[in-house]
Amino acid sequence: MSAERFKVVFACLAAEKEYRSLDGSTRVMVDKGLLRLAQRADEIGKALSGALAGCKELRFRADGIRVIYRIVDGRVEVVQVLAIVSRDKGRVFDIPSKRNSEIDR
């Protein structure tokens, strides 16, 4: 595997708690995704728009989980994980949108 190009950090305590609350098999899958972010965050993920412009999402379809992240300061160094949420009743984008605006203040 290639060396890490990005440092992956949680943007807020709530995102870290979401990660810690994942069950074992889901966490293993998300860990693999976070490793991919550390290596190629600028190349993978779907760009988002609206309140989440500048962010990207990494989908884990099998479990309906989305990791919403952004590359900080336009540099290819730090990836902030804004949220790890299930695709449930529209909250998949509501929670990270709120956190994104709170973090930018």
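Key figures
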| quantity | calculated |
| --- | --- |
| So residue 86, is it open to solvent by 30 Å² or more (accessible area, probe 1.4 Å), modelled with pLDDT under 85 and hydroxyl-bearing (Ser, Thr, Tyr) | yes |
| Residue count, the stretch 49-83 (criterion: in contact with a helix residue (DSSP H, G or I) (Cβ under 8 Å, 6 or more places away or on another chain) and at pLDDT below 80) | 8 |
| Test for residue 31: is it over 10 Å from the mean Cα position of the chain (by Cα) and modelled with pLDDT under 80 | no |
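This table checks each residue for (1) under 21 Å from residue 3 (Cβ atoms); (2) touching a Lys or Arg at 6+ places or on another chain (Cβ under 6 Å).
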| residue | (1), (2) |
| --- | --- |
| 27 | no, no |
| 31 | yes, no |
| 54 | no, yes |
| 68 | no, no |
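The values are calculated or read from the model by the stated rules, or taken from the named source; none is laboratory data. Quick caveat: nothing in here was measured; it's all calculated off a predicted structure. Here Cβ is always computed from backbone atoms with ideal geometry, including for glycine, and neighbour counts include all displayed protein chains. We work out accessible area using only protein heavy atoms, side chains counted, and drop any ligands, DNA or RNA first. Shrake-Rupley method; radii C 1.70, N 1.55, O 1.52, S 1.80 Å.
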